[in-house]
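See below for the structure under consideration.
The values are calculated or read from the model by the stated rules, or taken from the named source; none is laboratory data. Treat the numbers as computed from the prediction; the structure is a model and nothing was measured. Positions of Cβ are backbone-derived with ideal geometry, glycine not excepted, and every protein chain shown enters the neighbour counts. Heavy atoms of the whole protein, side chains included, go into the accessibility calculation; ligands, DNA and RNA do not. Shrake-Rupley method; radii C 1.70, N 1.55, O 1.52, S 1.80 Å.
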Amino acid sequence: QMWVQSLIVGFTLISGGYILLNTLIQQVYYRSIEVKQSSLNGRDATIKKTDGTYDWKIQRDKEGHVGDDHWWLPLISRSKRNKAKNHRLFTTLNLGTASLGASIVIEATSSGWSSLYWNLSDYSLGYYLFVSTLFPFVWQSVLEYYWHRTMHLPWFYIRLHKVHHYYKSPEPFDDLYIHPLESFGYYCILYSPAFIIPVHVTSFIFYMSIVGLTGVLDHSGVYFSFPGFYNTRDHDTHHAKFDCNYAFPFPFMDLAHGTFRGTYLNKEYCYKKVH
């Protein structure tokens with residue numbers, strides 16, 4: 001049946017892509033390095049160590065789990081030190097919820113229930129470039145900013161959002177450590193462009209790819225930057241400092257509201273403390 005196929009495709013794309021990307025980042029940046037070292041008796045021995053520099057790491061003063069070679073996939077991993085109490089449960093549940101959301105969009109599109117369209121000829125090229133492609137990002141950025149600010153109000157923070165801030169220097173597979181109720185609200189925002197106005201399927205895939213990629217990178221602890229649009233340091237600063245840089249994935253809402261802290265286009269910004 002179609003809904004079974006939608007589930008398979010949704011879970012494969014979201015869960016598979018998420019696990020693959022986080023695993024790749026862990027293997028490239030966090031694994032130890034095998035080096036040969038001569039012992040006193042003249043024999044060479046292979047030992048494992050880290051390079052000790054962490055030039056790639058945003059918070060270099062926090063070694064975290066650099067050099068831990070166990071696979072950090074939450075469902076099976078027990079290796080990470082100082083892991084949150086419900087880390088395995090919440091991250092696995094939230095990944096399933098995200099995958100289910102994608103499956104719903106796929107099924108809705110196949111059944112004609114969503115606002116996604118396939119034929120480029122249905123709308124003008126200008127609509128495709130400036131509305132279909134840009135609208136999902138603008139819509140998500142605005143709603144996510146205010147949703148995130150709401151989560152920092154005392155009542156919501158204590159009951160929901162405090163879970164996500166357990167990690168002050170997040171690493172791969174930490175991004176989905178969110179209270180399931182909060183993550184459900186976020187996924188409603190994430191997938192909502194598929195039901196608001198006509199958006200071409202390729203535009204929606206592009207939007208989901210960028211948001212999914214930046215969501216993982218924001219919590220990787222690794223420095224990446226696309227000048228003028230995106231910097232992983234921004235959200236990492238939010239985890240370290242708490243009351244700034246609420247926007248995701250781009251800094252524009254923070255810049256507009258005076259809540260940005262960091263450097264943007266070579267200009268240093270101070271943030272407005274939010275009580």
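Averaged over residues, the count of other Cβ atoms within 10 Å places the peptides 219-226, 106-113 in the sequence 219-226, 106-113, highest first.
Annotated for the chain: lysine pairs at least 8 residues apart or interchain, Cα distance under 14 Å, count 10.
Compute, for the range 78-145, the length of the dipole vector about the Cα centre, with Cβ point charges of +1 (Lys, Arg) and -1 (Asp, Glu) only. Units Debye, rounded to 20. Please list the in-between numbers first.
Values: 6 positive and 3 negative charges, 190 e Å.
Around 920 debye, computed over the range 78-145.
Net charge dipole, the chain: roughly 900 debye, given to the nearest 20, about the Cα centre with Cβ charges of +1 for Lys and Arg and -1 for Asp and Glu.
For the ranges 174-180, 143-149, 4-10, what's the packing order if you count other beta-carbon atoms within 10 Å of each residue, average per peptide, and put the highest first? Provide the component values of the computation, followed by the final result.
Values: 174-180: 21.9, 143-149: 17.7, 4-10: 15.7.
Order by mean packing, descending: 174-180, 143-149, 4-10.
If you run the Gaussian network model on the chain, springs between alpha carbon atoms under 10 Å, then out of 172, 198, 227 the most flexible one is 227.
Computed about the Cα centre, the dipole magnitude for the range 105-219 is approximately 300 debye when only Lys and Arg (+1) and Asp and Glu (-1) carry charge, each at its Cβ. Rolling a 1.4 angstrom probe over the protein heavy atoms with all chains in place gives the chain an accessible area of 54 Å² per residue. Heavy-atom accessible surface of residue 92, to the nearest 10 Å², is about 50 Å², with a 1.4 Å probe and all protein chains retained.
Rounded to the nearest 0.05, the FRET efficiency derived from the C-beta distance between residue 31 and residue 61 at R0 = 30 Å is 0.90. Sort the range 136-223 into rounded, prolate or oblate with this rule: let a ≥ b ≥ c be the square roots of the eigenvalues of the Cα gyration tensor; rounded if a/c is under 1.5, and if a/c is not under 1.5, prolate when a/b is larger than b/c, oblate otherwise. It comes out oblate by the Cα gyration axes. With a Förster radius of 22 Å applied to the beta-carbon distance between residue 195 and residue 252, the computed FRET efficiency rounds to 0.40.
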